[in-house]
Amino acid sequence: MLKTNVQNSDLYNNNVGYERAGQHRIHFNGPATDFFEGALLGNGGLGVVVTTRPDAVLLHFGHNNVWDIRIAEEHRDEIMTFQEVYDRISALPADLPQLTDNPWYKEYCEMTGKNYSKAYPKPMPCGTLLLRYDRRAAEVLGHTVHIKDGRCTIDFLINDKRAVLELFVEGNYDRVWMKVTDTISGAAVPLFTEIKLLPDPETPLEFPQAEITKDAAGVISFTQVLPSMELPAVPYTPHEKDKAFRLAVRTSDLAAINQTATAAGAFACAELWEGLYTDVQAVSEKVPPSLDGYKAAQLETAEWWCDYWNKSAVILSDIFLEEIWYRNLYFFNCSVKEGVTCPGLFANWSYRTIGADWHGDYHMNYNTQQPFWLAFSSNHLDKHLPYVDMVDHVLPVSRSWAQQYYELRGAYFPHSAYPVEMTMMPYPVPHWGWEICETPWTVQSLWWHYLYSMDKDFLRDRAFQPIKEAVLFMVDYMKRLEARGEQWGDDNFHIFPTVVPELYEITPGFAKNSDCLIDLTLTRFLFRAFTEACEVLNEENSEQQLLIEVREILNHFPEYPTAESQRGRVFVSVEGEDPEVVYNVPIPVTTVFPGEHHGLHSTEDEYQTAVNSYLNHRNEGGNELVFYNLAGARLGILDLERFKRQVRYCLLPNGTCTDRVLMSGGRYSDTENFDFMSRMGIWFENFALPAVINECLLQSYNGHLRFFTNWNGQQAEFHTLRAVGGFLVSAEFKDGETAWIEIFSEAGSALSFYIPWADGALCSSSSGQHHIATGAMGTISTTPGERITIVRRQNK
């Protein structure tokens, strides 16, 4: 007789994530005066950092849509074409210590970098709301962020009685609500003596100065114009492309509050409007809603958060790993949202110059892509759509650059880009602007979106064209005369020249500028994705010629560069590289991730080379916290205890992880400040940390599900993680083995999974069918909406 040990097969929509999130509040004792100590709130568009001083509470506003939109696009005619620049570099002596020792090349790099050296574009801080109190009567004790429902509570002693300031960012509107109540009775109590708005102190002096106004109803506001011209006219003359934002706060009469406490306790609501200057002008008479709407806004926002948390959940006996998972998913929801501009390096939190380094822009050699790795396995596909919008935004300038600069078909995606109107590449300096990997990398997640959803409409309407444009460029680039021929000693198509991300730049004689490992693995991924996409969309006839070219290149594709290390054969970034080199981006593991060419499915030799590469890797820090450890999880060799220690090393008081240096010997000297990146901003990229944990629990990258492949033996449970094939997967690990698995098939894909029990598996469908799977793998046909329970086969 076959038995099942699943006690409850209805494991969906049971608020597990919402309830578990409630256990991971972020607490700070005492005044949090520093930006990086403050509470982080947001709704995916609006971001607020709440800091506390011994005399005031300050709310620093930012928004993903609000940027200093000015852009410098000079020297267009001096840049020349790629071929002209390549020919000049080729003529330089190969024995130069470095190319910039040549006066022409040094001047060329300086000229092509001048536009990027301007301070703009950059995220524009949206001002500060200051709530002052009399510290003779009141003392701040600390604050707590309740990630379950997005609230921040700040504890006070007011005349020796405990009180709490509660505030939250509304989920569906760019508003912040505030109230102060007695901790025990819940009655409203007076606290603040002054409320004021402060434009950001680092607002460019050439901008029209914002005027703070207060109307008869007590609404305080200011409007900040964001000119499109680099040097706006004085006096200011509006331009049709100018943008603006308006910050306003409605308050109760403080004198009345201080005399008679109201029952509700809500004393303020702040709201931000942003957009074109003409649109913001049109709402100049609007004010935040009446304060009696506090409760309704709070309930709607709690429901908004509940819907988010119920997309997926984990229950881990390792509390710190569970904390990492929930807290970073909280920050992710605060910082990215469908219909809002894709976040840059530092998302929607900024103040003064915090958030402005590297323009806070899109860096396409991992920074911009990394946070969205979280969206797939965590079952938040909607969070990936701002990235898709970003790809659409940069596609026209990428096409133009491919045609005019490279004189090739398709699109060459940029090293750096901005969410503003661009007509040329922001950073055309060869030593980073020639990173070829960024073109396949930019479009990679569009294919993932299809694989994890099986949404053919998305593939056809949003993904296929950008993927095809990248393929066109890569095909033409690899078929250039310089990239194939007798000079190579083989009949392969090479990726040449290129630049290893964050390493070497352009080297004399192009010594380290061909067939970079990450270029090869991502281009292979791109070509295979395009081939499969054509099959799915029945475009094989219409794309016949391009597919022939793709197959020809794949049949004459360069080998991955390797070297012999103290641990054996390893992958290196380029041929001839010392395996002891100190990296920035963890290039040697990129065939595992994001290349997805190697992993637990690989042959023994390939797997061992990948493992050696992971263990031999030396990283200077800053770009590895998620990236490197995710590759370790994919290989099933991630040391979870060491991973946790590394996370703790990078933790800030606000609960986020910053980028910190790990070692000197590469680009960093022995006297380097290992924390120099910590005060640049809130690093959006590190919110992808839960993706590392997901990969330890469930893998599906090659279309076959594996369970608990990198787990530490402790009890663990996950609910509705998303897998390739459009599957929502739940499972539990208990008493040293997988206890049960439940899978919901959204798309009706064929299900393939590694059987976690030697005795085989009993598979039961919601349709009433039963199936026994034995051996290493099980396969099941599914229909859309079908639910499958898988347990260990037991005989009685």
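The values are calculated or read from the model by the stated rules, or taken from the named source; none is laboratory data. For clarity, every value in this text was computed on a predicted model and none was experimentally measured. A quick note on method: Cβ atoms are made from the backbone with ideal geometry, for glycine too, and the neighbour counts reach across all protein chains shown.
General observations
- With respect to (1) farther than 23 Å from PRO440 by Cα; (2) in a loop (DSSP other than H, G, I, E, B); (3) touching a residue at least 24 places away in the same chain (Cβ under 8 Å), the lone exception for ASP578 is condition (3).
- The residue that is nearest to the chain's Cα centre (by Cα), among those in region 115-163 that are within 20 Å of PHE267 (Cα to Cα) and of a type in the set (Asp, Glu), is ASP155.
- Residues satisfying the stated conditions in region 588-628, i.e. in a loop (DSSP other than H, G, I, E, B) and either touching a His at 6+ places or on another chain (Cβ under 8 Å) or of a type in the set (A, V, I, L, M) (or both): THR591, VAL592, LEU600, HIS601, LEU625, VAL626
- Of all residues assigned to region 435-449, none qualifies as being surrounded by fewer than 18 Cβ atoms within 10 Å (Cβ to Cβ) and either within 19 Å of the chain's Cα centre (by Cα) or over 22 Å from ALA356 (Cα atoms) (or both).
- Looking across region 516-557, the residues that are surrounded by fewer than 22 Cβ atoms within 10 Å (Cβ to Cβ), in a loop (DSSP other than H, G, I, E, B) and in contact (Cβ under 8 Å) with a residue 12 or more places away in the chain come down to LEU537, GLU539, GLU543, HIS556, PHE557.
- TYR412 satisfies every condition listed in (1) of a type in the set (Phe, Trp, Tyr); (2) in a helix (DSSP H, G or I); (3) buried (at least 24 other Cβ atoms within 10 Å of the Cβ) except (2).
- ARG706 being closer than 23 Å to ASN379 by Cα and either buried (at least 20 other Cβ atoms within 10 Å of the Cβ) or polar (S, T, N, Q) (or both): yes
- Residue within region 92-105 that is crowded, with 21+ Cβ neighbours inside 10 Å and either in a loop (DSSP other than H, G, I, E, B) or at pLDDT below 95 (or both) present: no
- Lone qualifier among ASP160, ASP101, ASP77, ASP134 - being among the acidic types (Asp, Glu) and in contact with a helix residue (DSSP H, G or I) (Cβ under 9 Å, 6 or more places away or on another chain): ASP101
- Residues of region 376-401 classified as crowded, with 20+ Cβ neighbours inside 10 Å and without any contact (Cβ under 8 Å) to a residue 24 or more places away in the chain, total: 0
- Identity of the residue in region 44-87, over 25 Å from the mean Cα position of the chain (by Cα) and of a type in the set (Val, Ile, Thr), that ends up farthest from ASN333 (Cα to Cα): VAL85
- Checked against (1) surrounded by fewer than 18 Cβ atoms within 10 Å (Cβ to Cβ); (2) assigned to a strand (DSSP E or B); (3) at positive phi, THR779 passes all but condition (3).
- One residue from VAL582, VAL589, VAL570 being closer than 24 Å to GLN369 by Cα, surrounded by 20 or more Cβ atoms within 10 Å (Cβ to Cβ) and either basic (Lys, Arg) or modelled with pLDDT of 95 or more (or both): VAL589
- Considering the conditions (1) buried (at least 18 other Cβ atoms within 10 Å of the Cβ); (2) free of Cβ contacts under 8 Å to residues at least 40 places away in the same chain, HIS597 is excluded by exactly one of them, (2).
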